[in-house]
Amino acid sequence: MVNIFEINKLLNCIKKIANEQNQANRALVATRYSETHYVEQISKLDDVIELTSKLELSNQEGITLKITPDGVSFLNLLEKNLSPTEKQIVFLEEKIKKINFNDELEQLFSNFKIDFTGEQPIWRSTHAKFQNKTDTLDLLQELKIIEKGEDGLFIPTQKNHLVSYLKNKRKFPKTNFEEINKKKSEIGKIGENLTMEYELNRLNENEDLRQQILQISEIDDTAGFDIMSFDGEKSTGFDRMIEVKATTDENPHFFFSGHEVEVASYLKNKYWIYLWTAVFGTPKLTKIKNPYENMFIKSKVKPEPVSFYINKNLIENIEQS
């Protein structure tokens with residue numbers, strides 16, 4: 001198990017003997033590392049170097065080790081000793097979102113499913129004892145992105161949005177995903193998480209369809225819906241387009257954008273709204289099929305307009321007195 005203390009220890013050892021280019025001889029670093037806080041040395045030096053390099057805090061060039069600019073920034077977040085600080089933990093969370101852990105994360109998070117049996121849904125590992133223990137897993141546990149309970153590994157609810165990001169990051173180009181992720185709220189991410197798991201459970205009998213469910217919101221935020229799924233086993237293509245809405249209270253309500261209304265009007269029965277209420281408590285799902293017809297055409301109570309878009313053409317054609 002490589003911990004953050006050991007990462008700090010390695011970077012600090014490199015820094016102490018590095019030249020102006022932040023490079024140091026690996027053998028000299030190894031000697032200094034073994035002599036520094038020896039009682040707290042848990043992992044093999046090679047493992048510490050490998051994880052530190054994976055986090056892009058250092059890299060190995062032949063017989064030398066070099067601290068990267070990010071490694072320097074990370075070290076600058078230390079205080080009086082080598083113990084990890086809160087600022088370093090936040091730094092590493094952001095790091096993990098950006099670097100290429102794709103294969104490891106795919107294997108790791110494929111073992112997590114949402115458990116609906118408790119008071120609130122929670123991501124749990126499907127293995128009672130996790131078989132593929134890695135330094136990446138240990139790091140995620142130290143960062144409290146993954147925790148261990150009586151029933152095995154689980155993900156704290158406050159980290160749901162981050163895990164949703166990491167679970168889906170591998171599917172899409174990095175730049176697209178990160179740019180779109182900045183625009184999405186934590187509540188919305190939880191709603192999409194719940195919807196993805198709901199759809200996987202609903203189509204439990206058809207593994208082929210389950211594998212094709214697509215979270216389109218992560219690659220195209222102009223689609224007018226978030227998830228592309230299937231009505232049932234006879235589906236020959238995507239025929240359930242789901243717009244996810246989520247709220248923290250128990251009162252069902254949501255905003256429906258003009259673009260979403262337009263898309264719903266021509267998709268008709270293929271368009272669904274999945275509305276999740278009380279997402280931080282006991283989430284409840286309300287499903288609305290063909291919302292355009294049922295809310296704008298058939299319903300006696302009509303949606304209430306709360307804002308209007310004023311464009312350049314309108315502004316320029318205003319007659320000023």
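The values are calculated or read from the model by the stated rules, or taken from the named source; none is laboratory data. As the structure is a computational prediction, the values presented were derived from the model and not from experiment. Positions of Cβ are backbone-derived with ideal geometry, glycine not excepted, and every protein chain shown enters the neighbour counts.
Structural remarks
- The criterion of at least 3 residues that are closer than 20 Å to MET1 by Cβ and modelled with pLDDT under 70 is met by none of the strands (runs of 3 or more DSSP E) falling completely within the stretch 122-204.
- Residues that are in contact (Cβ under 8 Å) with a residue 24 or more places away in the chain and among the basic types (Lys, Arg) within the stretch 262-307 comprise LYS268, LYS270, LYS284, listed in sequence order.
- Total residues in the stretch 283-321, condition among the hydroxyl-bearing types (Ser, Thr, Tyr) and within 27 Å of TYR198 (Cα to Cα): 2
- Extreme residue, nearest to ASP138 (Cα to Cα), among residues of the stretch 15-46 that are of a type in the set (D, E, K, R) and out of contact with any helix residue (DSSP H, G or I) (no Cβ under 6 Å at 6 or more places or on another chain): LYS44
- Filtered by the rule that a residue be assigned to a helix (DSSP H, G or I) and surrounded by 15 or more Cβ atoms within 10 Å (Cβ to Cβ), the stretch 226-266 gives GLU260, VAL261, VAL263, ALA264, SER265.
Yes or no, residue by residue, for (1) assigned to a helix (DSSP H, G or I); (2) on the phi > 0 side of the Ramachandran plot; (3) touching a Cys at 6+ places or on another chain (Cβ under 7 Å); (4) of a type outside the set (Val, Ile, Thr):
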residue	(1), (2), (3), (4)
LEU11	yes, no, no, yes
ALA24	no, no, no, yes
ALA27	yes, no, no, yes
TYR33	yes, no, yes, yes
ILE42	no, no, no, no
GLU56	no, yes, no, yes
LEU92	yes, no, no, yes
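- Listed conditions (1) surrounded by fewer than 18 Cβ atoms within 10 Å (Cβ to Cβ); (2) under 35 Å from the mean Cα position of the chain (by Cα) are all met by ASN25, apart from (2).
- Residue match in the stretch 36-45 (condition: touching a Ser or Thr at 6+ places or on another chain (Cβ under 9 Å), at pLDDT below 90 and surrounded by 13 or more Cβ atoms within 10 Å (Cβ to Cβ)): yes
- Flag if ASN81 is more than 25 Å from the chain's Cα centre (by Cα) and either modelled with pLDDT of 90 or more or surrounded by 17 or more Cβ atoms within 10 Å (Cβ to Cβ) (or both): no
- Scanning the stretch 213-222 for residues that are at pLDDT below 85 and either surrounded by fewer than 16 Cβ atoms within 10 Å (Cβ to Cβ) or under 17 Å from LYS113 (Cα atoms) (or both) yields ILE219, ASP220, ASP221, THR222.
- Candidate set: the stretch 302-316, residues that are of a type in the set (A, V, I, L, M, F, W, C) and over 38 Å from the mean Cα position of the chain (by Cα); chosen: the one surrounded by the most Cβ atoms within 10 Å (Cβ to Cβ): LEU314
- Being closer than 19 Å to LEU200 by Cβ, of a type in the set (Gly, Ala, Ser) and at pLDDT below 85 holds for only one residue in SER235, SER321, SER229, and it is SER235.
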